[in-house]
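Have a look at the structure below, then the notes.
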Amino acid sequence: MKKIIRPNSLLLLLLLMGLQGKAATDQKVDFVKQMSTAVNDIVVALTTDQKKEACTTFADEIRFNWNFTPRERKGLSLKNMTLPQQKSAMSLIRLVLSEEGYLKAGQIIDLENALRIIENRPANDTYRDPENFSLLFYGMPGKDPWAWRFEGHHLSLHFTIVDGKVAFMPGFMGSNPGNVLADVPQKDRRILAGEQDVAFELLEALNPSQLSKVILAEKAPHEIFTSNSRKASLDKMEGISMKEMTAKQKEIFKKLILIYLHRYHVTLKKQQWAALEQSGLDKIHFAWMGDKEPIIGQGRGHYYRIHGPTFLIEFDNTQNGGNHIHSVVRDLTNDFGEDMLRDHYSKAHR
């Protein structure tokens, strides 16, 4: 009989495994090889029926059909895994994220328990379910290219491997509530506190002339502009560029960008930062809409974006009176490994 982890023990497992896995991720290892081994081990342990749920082809268009709402999705859910399989799945997530990113992922999953109480839903409710997070594999290691994702409500992680290189965007993390005010075990939790607080720190550091360029609108949009689109695209870069900032402002701006990159394994973080430096840090823009100070639950909400030649971050906190956060990191040229794939196929044809 299948053994299922109950919601609260699932989070405990996440946290304990995060502590146990830290030493291994500090070692100098071949990151892609580690990830490939972990994926192979997971798939080998699946039953025939589970493989039908968990595995599809790399060419399957479902690879681009991603979402961050609480819905049914293709893949093998935690609910339909045995205890050892759940452990293996979370070990894979722990591998590709940093300690901080892994903790955020676990807390996002656990917020489903808080929402179930806040919304007065029954214990067996399937809409707010911390086990409704799914793994889906596109192809397999050793048959280049291949990819995989882990996705559920407010968490969508994508990894594409081409010729030994890894693309890891889009990457979505959200938090509802952004600040847990209700009398639940998660009370006062702010999963995306850094993403919010450092943005306000940067806004406060700007002078009136700079603010006139940064603030695009007094009202924030209801949602991130790029939503769950296959390809992220905005008409133009707006706001103020890093080049126009003082040394102190640049320091805060870089700290804000790195908060998003710190979610990932150090190999991926360094990879993306090097790409940003190559395309030009001074060209990255910061723009703002909405409230200029945090107003929890009673405000109009706020939105900001970080937009460079090849990189986009959007942060939106407008729903529930400014207490429901969506944040996404997009690679404007290499989401889902598109740039790497173009290079891969051009070499193959040549």
Hey, any hits in the stretch 19-33 for a residue that's modelled with pLDDT under 50 and in a loop (DSSP other than H, G, I, E, B)?
yes
Can you confirm whether Asp291 is of a type in the set (D, E, K, R) and in contact (Cβ under 8 Å) with a residue 60 or more places away in the chain?
yes
What are the residues in the stretch 144-187 that are touching a residue at least 40 places away in the same chain (Cβ under 8 Å) and of a type in the set (Lys, Arg), if any?
Arg149, Lys165
Are any residues in the stretch 209-240 of a type in the set (Gly, Ala, Ser) and either part of a loop (DSSP other than H, G, I, E, B) or buried (at least 19 other Cβ atoms within 10 Å of the Cβ) (or both), and if so, which ones?
Ala220, Ser227, Ser229, Ala232, Ser233, Gly239
Would you confirm, using the coordinates I've provided, whether Gly321 is over 14 Å from Val198 (Cα atoms) and crowded, with 22+ Cβ neighbours inside 10 Å?
no
Could you tell me which residue of the stretch 323-350 is farthest from His158 (Cα to Cα), considering only residues that are touching a strand residue (DSSP E or B) at 6+ places or on another chain (Cβ under 9 Å) and among the hydrophobic types (A, V, I, L, M, F, W, C)?
Ile325
Of all residues in the stretch 324-348 being aliphatic (A, V, I, L, M) and either at pLDDT below 95 or outside any loop (DSSP other than H, G, I, E, B) (or both), which is surrounded by the most Cβ atoms within 10 Å (Cβ to Cβ)?
Ile325
Tally the residues that are under 18 Å from Gly239 (Cα atoms), assigned to a strand (DSSP E or B) and not hydrophobic (A, V, I, L, M, F, W, C), restricting the search to the stretch 273-319.
9
Ala123 passes all but one of (1) touching a residue at least 40 places away in the same chain (Cβ under 8 Å); (2) surrounded by fewer than 20 Cβ atoms within 10 Å (Cβ to Cβ); which number fails?
(1)
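The values are calculated or read from the model by the stated rules, or taken from the named source; none is laboratory data. Values in this document were obtained by computation on a predicted structure and should not be read as measured data. When we count neighbours, we look across all protein chains shown, and the Cβ atoms used for this are built from the backbone with ideal geometry, even at glycine.
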